[in-house]
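The values are calculated or read from the model by the stated rules, or taken from the named source; none is laboratory data. Computed from a prediction, not measured in an experiment: that's the story for all the values here. For neighbour counting, all protein chains shown are included, and Cβ atoms are generated from backbone atoms with ideal geometry for every residue, glycine included. Side chains included, ligands, DNA and RNA excluded: accessible areas come from the protein's heavy atoms. Shrake-Rupley method; radii C 1.70, N 1.55, O 1.52, S 1.80 Å.
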Amino acid sequence: MEIHVELKTVSKMFCGCKNDPFGADKPNIYTCPVCLGLPGALPVPNRKAVEWAVLLGLALNCEIPLFSKFDRKNYFYPDLPKGYQISQYDQPFAVRGFLDITVGNEKKRIGITRVHLEEDTGKLMHATVDDPTSPSGLRGASKKVSLIDFNRSGVPLVEIVTEADIRSSEEARIFLKKLHQIIRYLEISDADMEKGSMRLEPNISVQKIQSRLNRDKIQKLPPYKVEVKNINSFSFAKKAIDFETDRHIAILETGKYPQQETRGWDEKKGVTFSQRSKEEAQDYRYFPEPDIPPIRWSKSQISNFKALIPELPDTRIARFIKEYGLSEYDATVLTEDKKTADYFEKAVKSKTIPAKTVANWIINKKADISKLSPEGLVNLIQAKTQKLPMSEKDLEEVINKVLAVNSKAVVDYKAGKESAIMFLLGQVMRQSHGRADATTTRKILENKLK
Ligand code: ZN
Ligand code: MN
């Protein structure tokens, strides 16, 4: 799996332009000579972006090499004005990590090959516009054009590449959701799938299961793979993988191998389509970026980064179970996003309401927590669950009712059977759902039965 994530730094990767491509009112307003790729413009790396790439690497249990550098990845496309993308080739910021996921009841480790930093491209829009150059007789003539918006050009982009450890579309979905959750916990990206600030690229190949016991131990990968580009939802990624798996099996069963190629995902038709075959595969002619010095870390810098990593979901789930006595289910739901988990912890801090009750209110959406502060929620729960004493009028009403329907007990008491009053008292307590005060009730009963 390859995943691209746009970092939410204030400025772009190699210039001071605003990094807000989705918030821009107009195209091409956040641009400068650097992100427009004008000759002579010099890139300066964004410190925050570099630190966040390292932070993500550490959160994914990677090693952080003490030396790393940027490289140029050369290719020609209109959304890339320099003719190359500044990326990282052989010495990325983070390598050899892993992420543990739970599939059914089993724990499974997915290897992380690398985490590197690069820049996003501009955005192409294909449109039809009026053609002012058409002969005068043809009014309203139109032509097809490609428009470019460079607001996104040079936005910091982190790329995460996994080992070939994922065995099914469901494992892919679970892995991606967990990665998404961690990125959100680190608060380094909105990872908004719909806007395209997190983009998924599964690389798929199929081979026969050698034996059930060894289903995870692959000796050698199949001699081909198909990459599906730029998928923008977890469920589309799952569907694209399932579609490809079926397509490969059909080809493999004829004794041939599927073509190694890059494909796109058509979400309307629910199919993949060929974009580029292996024959057209590009040689990117990577070479070190001469305008940016390599980056060298000291060991103490790396340990300082480690201290910046917040408590991640797995650790937090375990702590919620232990500290608040929650079930694994409740702890998992509450920690799905950091905001909800923080909210829960603030609410239980007051200790006036049991943690389990607070959890129940949040999970079952008994209150709209987006409109309530944690203290507000605590007050609301208190008001709704606390037993307020009954007014005298209400109590008297309940007592009269009890006396009316228990005439036998009334007669018994008046005949000298003292214990009958206890029965009537019990009835009042029950009718008032425990809100009646026993001493007051007894007094009133004695008066009424005189
Ligand atoms: Zn710029
Ligand atoms: Mn990339």
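General observations
- Number of residues in the range 31-75 that are of a type in the set (Ser, Thr, Tyr), touching a strand residue (DSSP E or B) at 6+ places or on another chain (Cβ under 8 Å) and part of a loop (DSSP other than H, G, I, E, B) equals 1.
- Subset of the range 15-72 that is open to solvent by 30 Å² or more (accessible area, probe 1.4 Å) and among the aromatic types (Phe, Trp, Tyr) - its residue that is farthest from ligand 1 (Cβ to nearest atom): PHE67
- Qualifying positions in the range 13-31 - more than 16 Å from ligand 2 (Cβ to nearest atom) and under 18 Å from GLU118 (Cα atoms): CYS15, GLY16, CYS17, LYS18, ASN19, ASP20, PRO21, THR31
- Hey, PRO78 more than 16 Å from ligand 2 (Cβ to nearest atom), open to solvent by 20 Å² or more (accessible area, probe 1.4 Å), modelled with pLDDT under 95 and assigned to a loop (DSSP other than H, G, I, E, B) or not: yes
- When the residues of the range 244-269 are filtered to those that are in contact with a Phe, Trp or Tyr (Cβ under 7 Å, 6 or more places away or on another chain) and in a loop (DSSP other than H, G, I, E, B), the one that is least open to solvent (accessible area, probe 1.4 Å) is PRO258.
- Taken across the range 355-365, residues that are among the small types (Gly, Ala, Ser), assigned to a loop (DSSP other than H, G, I, E, B) and on the phi < 0 side of the Ramachandran plot do not occur at all.
- In the range 399-412 there is at least one residue that is assigned to a loop (DSSP other than H, G, I, E, B) and over 59 Å from the mean Cα position of the chain (by Cα).
- Wholly enclosed helices (runs of 4 or more DSSP H) of the range 273-343 bearing at least 2 residues buried (at least 17 other Cβ atoms within 10 Å of the Cβ): 313-324, 328-334
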